[in-house]
Amino acid sequence: MINKGDKIPSVTIKQATPEGASEVDPAALFAGKKVVMFSLPGAFTPTCSSKHLPGYVAELGALEAKGIDLVACLSVNDAFVMKAWAEQHDALGKIVMLADGAGAFSKALGIDIEIPGMGLRAKRGLFLVEDGTVTSVEMEAPGKFEVSGADACMLKLGA
């Protein structure tokens with residue numbers, strides 16, 4: 001699994017944008033920026049929809065005030081699902097929606113998991129990245145939501 005001090009791997013995935021899906025390499029996207037990336041098991045799932053994504057939408061201004069250039073959401077979903085989910089939560093064009101449809105980025109990060117009934121997914125976690133280098137990794141215990149939400153991120157950043 002990726003650790004503090006490691007570089008974000010270079011993998012081409014999709015990004016859901018207001019215009020549709022576009023190819024993106026997170027390593028290139030994160031270069032030269034202070035980034036908060038949170039990973040989650042799936043769009044439209046209960047905790048992800050009620051707490052995880054909405055929390056980051058609500059705290060976006062506070063994160064930017066802390067010097068964060070980009071907030072990204074990573075999920076093993078296709079870009080069309082990620083776009084519809086972002087639209088539902090007023091996140092489209094605000095949070096970078098990383099659609100890791102085949103799980104290539106999640107596998108490269110070492111955070112992939114097979115969840116019965118759901119298939120390949122990303123584990124729930126929080127990554128702080130500066131200029132493409134991971135400065136902090138917080139992974140949730142199975143079934144928990146304690147260290148990867150926006151509130152925990154703000155505490156980590158000294159809020």
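The values are calculated or read from the model by the stated rules, or taken from the named source; none is laboratory data. On a predicted model such as this, the values are computed, not experimentally measured, just so you know. For neighbour counting, all protein chains shown are included, and Cβ atoms are generated from backbone atoms with ideal geometry for every residue, glycine included. These accessible areas exclude ligands, DNA and RNA; they are computed on the full protein's heavy atoms, side chains included. Shrake-Rupley method; radii C 1.70, N 1.55, O 1.52, S 1.80 Å.
Among the candidates Asp131, Asp151, single out the residue that is among the acidic types (Asp, Glu) and either buried (at least 17 other Cβ atoms within 10 Å of the Cβ) or within 17 Å of Val35 (Cβ to Cβ) (or both).
Asp131
When the stretch 70-91 is examined, which residues are found to be β-branched (Val, Ile, Thr) and part of a loop (DSSP other than H, G, I, E, B)?
Val76
Give the number of residues within the stretch 31-42 that are more than 12 Å from the chain's Cα centre (by Cα) and outside any loop (DSSP other than H, G, I, E, B).
Looking only at that region, the number is 1.
Can you tell me which of (1) touching a residue at least 24 places away in the same chain (Cβ under 8 Å); (2) closer than 15 Å to Phe38 by Cα is the one Ala104 doesn't meet?
(2)
Being in contact with a Lys or Arg (Cβ under 9 Å, 6 or more places away or on another chain), of a type in the set (A, V, I, L, M, F, W, C) and under 24 Å from Pro9 (Cα atoms), is that true of even one residue in the stretch 116-123?
Yes; the residues of the stretch 116-123 include at least one that is in contact with a Lys or Arg (Cβ under 9 Å, 6 or more places away or on another chain), of a type in the set (A, V, I, L, M, F, W, C) and under 24 Å from Pro9 (Cα atoms).
If we scan the stretch 132-139, do we find a residue that is modelled with pLDDT of 95 or more, in a helix (DSSP H, G or I) and within 20 Å of Ser50 (Cα to Cα)?
no
Can you find a residue in the stretch 49-72 that is at pLDDT 95 or above, open to solvent by less than 30 Å² (accessible area, probe 1.4 Å) and touching a Pro at 6+ places or on another chain (Cβ under 8 Å)?
Checked the stretch 49-72: at least one residue is at pLDDT 95 or above, open to solvent by less than 30 Å² (accessible area, probe 1.4 Å) and touching a Pro at 6+ places or on another chain (Cβ under 8 Å).
Considering only the stretch 121-159, how many residues are out of contact with any Asp or Glu (no Cβ under 7 Å at 6 or more places or on another chain), of a type in the set (Gly, Ala, Ser) and in contact (Cβ under 8 Å) with a residue 40 or more places away in the chain?
Residues meeting the conditions: 5.
Listed residues Pro41, Pro46; which is open to solvent by 50 Å² or more (accessible area, probe 1.4 Å) and not hydroxyl-bearing (Ser, Thr, Tyr)?
After ruling out the rest, the residue left standing is Pro46.
Inspect the stretch 100-114 for any residue being closer than 16 Å to Val71 by Cβ and open to solvent by less than 40 Å² (accessible area, probe 1.4 Å) and give the result as yes or no.
No, every residue in the stretch 100-114 fails to be closer than 16 Å to Val71 by Cβ and open to solvent by less than 40 Å² (accessible area, probe 1.4 Å).
Within the set of pairs 6+ apart or on separate chains, which have a first residue in the stretch 70-85 that is touching a residue at least 60 places away in the same chain (Cβ under 8 Å), a second that is open to solvent by 10 Å² or more (accessible area, probe 1.4 Å) and assigned to a strand (DSSP E or B), and C-beta atoms under 6 Å apart?
If the second residue must be open to solvent by 10 Å² or more (accessible area, probe 1.4 Å) and assigned to a strand (DSSP E or B), the pairs left are Ala79/Lys14; Ala79/Ala21.
Kindly indicate whether any position in the stretch 4-22 is surrounded by 18 or more Cβ atoms within 10 Å (Cβ to Cβ), at pLDDT below 95 and within 16 Å of the chain's Cα centre (by Cα).
no
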